[in-house]
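Comments concern the structure below.
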Amino acid sequence: MLDAGSRSGQPDIPGCPVRFRLPSNGGTGVVCSWDSTWRNIVEDLPGGTPHVSPSLADLFRAPDELAYPRLGDIRPGVIRDVTPDGLRVELAPGLYGQVPEEDLTRLSDEERATLQSGREVLVYVTDVDDSSGNVELSLYLGEKERDWLQAEELMQQGQFWEGEVSGYNKGGLVVYFGHIRGFVPASQISGLRRGLSPDEKASRLAEMVGSTLPLKVVEVDRRRRRLIFSEQQGRIARRAWEQAQALARLQRGQICRGRVRALTEYGAFVDLDGVVGLIHRSELAWFPVEHPCEIVQEGQEVDVYVLRVNRSRGRVSLSLKRTFADPWPGVMERYELGQLVEGRIIRRTGAGAYVLLDDGLHGLIPASDLLQANWPEEELAVGRRVLARLVRIDGARRRLGLSLRRVRPAERAAWRERQETVAALGSHETAAPQSVS
């Protein structure tokens, strides 16, 4: 999420959820713009009938045409003076009201620290004919009205909010949204399974006090003073937002680090910090791959090349082989027939054993050669390293022909000795391929 510097700030990216600090209780939420947020407000006035106030956008556009404040109005204003007795607020040119110090004591220390001349505020008209002849205002009730409006906008836009759990009861969790006491029913909390005993449930809820949860507003009822959140829906919304942000960061041609999450017949799924992309089987190596497990394993970290990003469908196509050069160009300069090569067996079929060389080339040891070589079967299992002689370079099929039986016993024994020495030293280095003398 993005951080905004104040409650009246605007998000840098339209439509993105923006996090801000609700000073009184430490929650976070979405910053709402003045033009888009303030609707006509219906409020039950103390000792009166419901009154509809004009929208704040209209008030800002035509301050000279404002009607004189009435009890229960919600008005925007600008702080002009900060005194020991409270605040002097300009509601329109030449029209002022007073916020008494007693009202300010209901605000948090963090909120009070932001009160300075020139700051725009939202106030509630509590008296239009006080003993001093001024309009009396409440900044606390104005801020509370702002909270209700922001909660409504959160619900309308389907955005999530992150709030700190301040308490619990047998029904769920208590979370303050600014100055409003909100509630998260136990049925809307992830991981709180049904069937828990009352003591177990209370213990689980108590453990959540002080934690910050992703929440989504599911009910706003001002008349009943009900503000209901869902942690389950909030978690889903946050995951979708995080995925959208991760997708926005990905660009074609990037090299990214990820972790293999799952393997299927047609490819490998890689987690790129919240976005899962697919490496198709054909993009795993510069040679035909029968199954992804020949190249990668679940949990393995890999560098991948971003081939395509489909943001509307949330799909990312990746390539493993394009993170390194095609090994076939120049193969005739690097290899010669009769040379000894090393590699890892990646597949056994009726045709023989397929071997992946350290530089990305792959070769085949025919089944007939495996039988004649008379190597122990456990040394020819998938994943084992072998020493073979290069007997054919097949450019058309991009494959090398290899032979075990043409490896002389002395060469094989020397290679085994080097392997044992490397293993004893705890190194993964292997001896360099040899040429026939």
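The values are calculated or read from the model by the stated rules, or taken from the named source; none is laboratory data. Please read these numbers as outputs of a predicted model, since none were measured by experiment. Note: ideal-geometry Cβ built from the backbone for every residue, glycine included; neighbour counts use all protein chains shown.
Summary table below
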quantity: Hits in the range 264-322 (condition: farther than 23 Å from residue 384 by Cα, of a type in the set (Phe, Trp, Tyr) and surrounded by 13 or more Cβ atoms within 10 Å (Cβ to Cβ)); calculated: 269, 305
quantity: Among (1) under 14 Å from residue 178 (Cα atoms); (2) surrounded by 18 or more Cβ atoms within 10 Å (Cβ to Cβ); (3) in contact with a helix residue (DSSP H, G or I) (Cβ under 8 Å, 6 or more places away or on another chain), the one test that residue 142 misses; calculated: (3)
quantity: Breaking point among (1) over 42 Å from the mean Cα position of the chain (by Cα); (2) over 25 Å from residue 180 (Cβ atoms), for residue 117; calculated: (1)
quantity: Every residue from the range 75-112 that is assigned to a strand (DSSP E or B) and either among the polar types (S, T, N, Q) or farther than 19 Å from residue 127 by Cα (or both); calculated: 80, 81, 82, 83, 98
quantity: Odd one out for residue 297 among (1) in a loop (DSSP other than H, G, I, E, B); (2) over 21 Å from residue 355 (Cα atoms); (3) polar (S, T, N, Q); calculated: (2)
quantity: Scope the range 369-403; condition at pLDDT below 90 and of a type in the set (S, T, N, Q); matching residues; calculated: 372, 374
quantity: Qualifying residues in the range 390-405 (those that are in a loop (DSSP other than H, G, I, E, B) and without any contact (Cβ under 8 Å) to a residue 24 or more places away in the chain) - the one surrounded by the fewest Cβ atoms within 10 Å (Cβ to Cβ); calculated: 396
quantity: Single unsatisfied condition, residue 303 versus (1) outside the structural domain of residue 259 (by TED's automatic domain parsing); (2) at pLDDT 90 or above; (3) assigned to a strand (DSSP E or B); calculated: (1)
